[in-house]
Amino acid sequence: MSEASTQRSPLLEVNDLHVQFGPRRKPVRAVDGIDIVIYPGESVGLVGESGCGKTTTGRAIMRLLDVNAGRIQFQGKDIAPITGSALKDYRKQVQMVFQDPYGSLNARMPVGRALEEVMQVHRMGTRTERRQRAAQLFESVGLDPAYMDRYPHEFSGGQRQRIGIARALALQPQLIIADEPVSALDVSVQVQILNLLKEVQQQEQLAYLFIAHDLAVVGYICERILVMYQGKIVEAGQPSDLFSNPQHPYTQKLLDAVPDVDQALLRRSGASE
Amino acid sequence: MSESLLEVRDLRVYFGSRERPVRAVDGVSFDMREGETVALVGESGCGKSVTAMALSRLVPEPPGFYAGGEVLYRDQHVLQLDERSLRDIRGNEISYIFQDPGASLNPVFRIGYQIREAIQLHRPDDDAEHEVLELMQMVGMSDPQRAARAYPHELSGGMQQRAMIAMALACRPRVLIADEPTTALDVTIQAQILELLVKLQAELGMAMLLITHNLGLVAGVAHHVNVMYAGRIVESGETVDVLTRPRHPYTAGLLKAVPRLQGGDERLVGLEGTVPNPAGWPEGCRFAPRCPMRQPRCEAEDPPANRIAQGRYSRCHFWEQLNP
């Protein structure tokens, strides 16, 4: 985190968030009292294994789920009570990129239309302006605007994820919640998308909440990492500190389990001597 | 080194029509020895899973057909065997575990029953009851008696995969083919399952074919690695040598594209373009359209498997310029 951002006020502040599912007598505590602070332009990673509550956290921040306790503030305002046009406006500022680029695009809508639609919903510009902006967005994520009238099935997984990112950028949000945005992609394509996410972050001064299970991927993209385990954040820190000097046993366990090429080769060369 | 247990020579598995086939596996050769772990690594659509299925002639025909080459298992030509002889090999001598254990187990039968079935299929006279529990213990299922009575949905993904491994090992196969065995599992469970596979392989002296897209897994366990791209093996060799001194630009590019824990935020340079579609491989060198080293020759001339050293090959015209 840079010096400047510590002086600025936070973009997102989550305090003591609780989300529970199931019967009230015996609830499943999916998110069990977590705090998150994200400053403008900052990328924060949320790492953990399946069932740890990371996706639930993202969905609660998007107001796609009801929270049981705690407070979520965006630009200093509590988002719990907002409804109607205020909620719509909030969702314009906070956008989401999903894991499955196949499932998150409408199969029956040309991809250019999908970009125009989000702008239409938020009453941005005229029809021609929206079309122009969609073409611009297409280009900014490395796609040829000539393909705007094609359907999702005509694109590869990586290209579809680019479209998903373009759609999230369409409303010029302050914060993007990216939930496992590269885990469904091939290795060689993964890095293209990661680099694209880095580039647009710098251009647009975006903040990210980057949700993923892959520590190395999160370390590449994020300035700060939160490790989540059983609904709680057990450790937070900068990637280099966290990786070289983990404090919590769960972080250590995660790090030991990562099949890292360098470490494996190092172990083997050590063993053969 | 001991003799080859399994030899694959110029294997070609195509799909669709004979006039205009989709050449999913297009001239793959490698061998496996007793006790050896061989990795087949590549991205989606490269043909690694079809190769695995072909090893005991499991590719459905049609739409698939064997367009050439051979699979030799202990001097038997697998692709020429009749159904009956194939049944003696499948599961008994060559066994498989797949990516999604939840989908591989039958949801309406108890775990113990399914493992017993795997034993009795090949050895109908055995008293399998005792053996089931032994197998479950071997794959590290705590409280096997309880787990044997459980239905698949009552077990975690890691436990389901252990049950699948127990079934795969029921007949003590000589060759275990593990097709993305840990991809669907969480990273800590993934490490446990991999450790288990390596341990069992050493104990039972099996040959293991590990099919994966994850270079980290390869680096951790494989003796020998075959890198697949567009239906072919583009580079092969001893694992540490291939991963530290790649002699094919695809391997080099893949290695550069993997984020590392100690890599910091230094910009990764990936490969341009996307994985090609099996329905139409590029002409000439199939990697040429994405290759940072490409020359006019690459688009005109398909590179052969150039021999670099004993057991070390690269399908690149210019392998000598990479990591000389």
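Scanning segment A:199-215 for residues that are facing another protein chain (nearest Cβ under 8 Å) and surrounded by fewer than 23 Cβ atoms within 10 Å (Cβ to Cβ) yields A:HIS213, A:ASP214.
Among the numbered conditions (1) in a loop (DSSP other than H, G, I, E, B); (2) surrounded by fewer than 19 Cβ atoms within 10 Å (Cβ to Cβ), the only one that A:ALA86 does not meet is (1). Scanning segment B:275-299 for residues that are more than 14 Å from chain A (Cβ to nearest Cβ) and farther than 22 Å from B:ALA24 by Cβ returns B:MET293, B:ARG294, B:GLN295, B:PRO296, B:ARG297, B:CYS298, B:GLU299. Of all residues in segment A:80-118, those satisfying the criterion of being of a type in the set (Ser, Thr, Tyr) and under 29 Å from A:ALA212 (Cβ atoms) are A:TYR90, A:TYR102, A:SER104. Among the residues of segment A:246-268, are any of a type in the set (Ser, Thr, Tyr) and facing chain B (nearest Cβ under 8 Å)? Looking for residues that are of a type in the set (Ser, Thr, Tyr) and facing chain B (nearest Cβ under 8 Å), one finds none in segment A:246-268, hence no. For B:ASP302, the criteria (1) surrounded by fewer than 21 Cβ atoms within 10 Å (Cβ to Cβ); (2) within 14 Å of chain A (Cβ to nearest Cβ) hold in every case but one, which is (2). With the structure loaded, tell me whether B:ILE165 is open to solvent by less than 70 Å² (accessible area, probe 1.4 Å), closer than 27 Å to B:LEU55 by Cβ, assigned to a helix (DSSP H, G or I) and at pLDDT 90 or above or whether it fails that test. Spelling it out, B:ILE165 is indeed open to solvent by less than 70 Å² (accessible area, probe 1.4 Å), closer than 27 Å to B:LEU55 by Cβ, assigned to a helix (DSSP H, G or I) and at pLDDT 90 or above.
Condition check ((1) at pLDDT 90 or above; (2) at negative phi; (3) under 24 Å from the mean Cα position of the chain (by Cα)) across all residues:
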{"position": "B:GLU131", "(1), (2), (3)": "no, yes, no"}
{"position": "B:VAL139", "(1), (2), (3)": "no, yes, yes"}
{"position": "B:TYR151", "(1), (2), (3)": "yes, yes, no"}
{"position": "B:CYS171", "(1), (2), (3)": "no, yes, yes"}
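From the list A:ARG167, A:ARG162, the one residue that fits, being within 13 Å of chain B (Cβ to nearest Cβ), closer than 23 Å to A:PRO110 by Cβ, within 17 Å of the chain's Cα centre (by Cα) and at pLDDT 90 or above, is A:ARG162.
Note on segment A:25-47: among residues that are on the phi < 0 side of the Ramachandran plot and in a loop (DSSP other than H, G, I, E, B), the one that is farthest from the other protein chains (Cβ to nearest Cβ) is A:ARG25. Take the conditions (1) closer than 20 Å to B:CYS171 by Cβ; (2) at the interface with chain A (Cβ under 9 Å from one of its Cβ atoms); B:VAL218 misses just one of them, which is (1). If we scan segment B:266-285, do we find a residue that is among the polar types (S, T, N, Q) and over 30 Å from A:GLU154 (Cα atoms)? No - not one qualifying residue is present in segment B:266-285.
With respect to the conditions (1) free of Cβ contacts under 8 Å to residues at least 24 places away in the same chain; (2) within 12 Å of another protein chain (Cβ to nearest Cβ); (3) of a type outside the set (Phe, Trp, Tyr), A:GLN190 lacks only one, and its number is (1). Of the numbered criteria (1) at pLDDT below 85; (2) more than 19 Å from A:LEU265 (Cα to Cα), the one B:PRO304 fails is (1). Just one of the listed residues (B:GLY237, B:GLY264, B:GLY220, B:GLY231) is crowded, with 20+ Cβ neighbours inside 10 Å, without any contact (Cβ under 8 Å) to a residue 40 or more places away in the chain and under 30 Å from B:GLN190 (Cα atoms), and it is B:GLY220.
Here B:LEU243 clears all of (1) within 12 Å of another protein chain (Cβ to nearest Cβ); (2) open to solvent by less than 10 Å² (accessible area, probe 1.4 Å) except the condition numbered (2). Of the residues making up segment B:287-314, those that are touching a Phe, Trp or Tyr at 6+ places or on another chain (Cβ under 8 Å) and in contact (Cβ under 8 Å) with a residue 60 or more places away in the chain are B:ALA305, B:ILE308. Output yes when any residue across segment A:179-198 is more than 22 Å from B:THR212 (Cβ to Cβ), in contact with a strand residue (DSSP E or B) (Cβ under 9 Å, 6 or more places away or on another chain) and in a strand (DSSP E or B), and no when none is. Among the residues of segment A:179-198, at least one is more than 22 Å from B:THR212 (Cβ to Cβ), in contact with a strand residue (DSSP E or B) (Cβ under 9 Å, 6 or more places away or on another chain) and in a strand (DSSP E or B), which makes the answer yes.
Conditions tested, residue by residue: (1) modelled with pLDDT under 95; (2) surrounded by 15 or more Cβ atoms within 10 Å (Cβ to Cβ); (3) within 27 Å of A:GLY157 (Cβ to Cβ); (4) within 13 Å of the chain's Cα centre (by Cα).
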site: B:GLU3; (1), (2), (3), (4): yes, no, no, no
site: B:ARG18; (1), (2), (3), (4): yes, no, no, no
site: B:PRO21; (1), (2), (3), (4): yes, yes, yes, no
site: B:ALA24; (1), (2), (3), (4): yes, yes, yes, no
site: B:SER49; (1), (2), (3), (4): yes, yes, yes, yes
site: B:ARG74; (1), (2), (3), (4): yes, no, no, no
site: B:ASP82; (1), (2), (3), (4): yes, no, no, no
site: B:SER85; (1), (2), (3), (4): yes, no, no, no
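Selection of segment A:10-24 for residues being touching a strand residue (DSSP E or B) at 6+ places or on another chain (Cβ under 6 Å) and not in a strand (DSSP E or B) yields A:PRO10, A:LEU11, A:GLY22.
The values are calculated or read from the model by the stated rules, or taken from the named source; none is laboratory data. Bear in mind that the values here come from a model prediction, so they are computed numbers and not experimental data. Glycine also receives a Cβ, built like all others from the backbone with ideal geometry; neighbour counts cover every protein chain displayed. These area figures cover heavy atoms from the full protein model, side chains too; ligands, DNA and RNA do not enter into them. Shrake-Rupley method; radii C 1.70, N 1.55, O 1.52, S 1.80 Å.
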